[in-house]
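First up is the structure itself, then whatever we jot down about it.
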Amino acid sequence: MAEGEVMRRVGTGGSTAFWAPGSQILWRYRENGGKRFHIARPVTVARDDEEVLAVWMAPGTECMRPVLADGTPVHVEPLESRYTKPRVARSGRWLGTGVLKLARPGEPWSVWLFWEPGWEFKNWYVNLEEPLARWEGGVDSEDHFLDISVHPDRSWHWRDEDEFAQAQRDGLMDADLAERVRAAGRDAVEVIRAWGAPYSQGWQHWRPDPSWAVPLLPEDWDRTPAHVSS
């Protein structure tokens, strides 16, 4: 956490820490089936409490992302070899509009909000993943391939089912984990159908504080946390 940032401690014995709005943290993902981090995104905290962690990833943010060892973007590689060829993590800028990410404590997914230029709301995106693990510098997870798009008219559809299937064929998740991910997806769909939080909470009208600077990617973006909590 950068100098000058503030954390509020609540709960029994002050054991639970929340970041104050404006704090700059990292939102990271481990490689599937491994321990190394291959995605790191510096973000700014919009809200953090017992109900939700909301963070803003600003346009132009420098992030770490996986690419194939020869520099080929992952999404360009054919699906059959996408997860078997060697990869490296490289830095790059987040292109396009910013993203608001919302995660409820212990939930095996996060919900991302996307806008078109001019703040025209585009859609929600449900990213199925391990529940976020909190540490002093941010939050960590592991992506589970399967996703859901949710539109302003309340329609929805599955995304990346082909990648989810390929990951199982390539041994990146076993049958038990795959079923847990499917179950999490079904739970997420029930929330969508009921139009529960966060869809009913008006987050699409949220806007970042214009005084927030774009966070910098630290050199030790892949450091091992000293302490981790859920």
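Where a number appears in this text, it was derived from the coordinates with a stated rule and is not lab data. Note that the structure is a prediction, hence the values are computed from the model and not measured. FYI the Cβ positions are ideal-geometry reconstructions off the backbone, even for glycines, and counts take in every protein chain you see.
Within a 10 angstrom radius of the beta carbon, how do Thr44, Thr224, Thr97, Thr84 rank from fewest other beta carbons to most?
By the 10 Å Cβ count, ascending: Thr224, Thr84, Thr97, Thr44.
Provide the three semi-axes, in whole Å and in decreasing order, of the ellipsoid equivalent to the stretch 7-216 as defined by the square roots of 5 times the Cα gyration tensor eigenvalues.
26, 21, 19
Calculate the FRET efficiency for Asn123 and Ala213 from the Cβ-Cβ distance with a Förster distance of 22 Å, rounded to the nearest 0.05.
E between Asn123 and Ala213, to the nearest 0.05, is 0.20.
Each label point is 7 Å from the Cα along the Cα-to-Cβ direction; what then is the distance between the points at Glu190 and His151, in nm?
Placing both labels 7 Å beyond Cα along the Cβ direction yields 2.6 nm.
Provide Glu219, Glu142, Glu116 in ascending order of the number of other Cβ atoms located within 10 Å of each residue's Cβ, fewest first.
Final ranking by Cβ density, sparse to dense: Glu219, Glu116, Glu142.
If contacts are Cα pairs under 8 angstrom and at least 6 residues apart, what is the relative contact order of the chain in percent?
Once divided by the residue count of the chain, the mean separation gives 18 percent.
Sort Ser149, Ser229 so the one with the fewest other Cβ atoms within 10 Å of its own Cβ comes first.
Ranked by crowding around the Cβ, least crowded first: Ser229, Ser149.
Given the DSSP H assignment, sum -39500 (n - 2.57) over each helix run of at least 4 residues in the chain and divide by its residue total; what's the result at 222 nm in deg cm²/dmol, nearest 500?
Helix contribution divided over all residues of the chain: -4500 deg cm²/dmol.
Given the options Pro198, Ala226, Phe18, identify the residue whose Cα lies farthest towards the positive end of the charge dipole of the chain (+1 on Cβ of Lys, Arg; -1 on Cβ of Asp, Glu).
Positive-end residue among those listed: Phe18.
Where nothing but the Cβ of Lys and Arg (+1) and of Asp and Glu (-1) is charged, how large is the charge dipole of the chain around its Cα centre, in debye to the nearest 20?
240 debye
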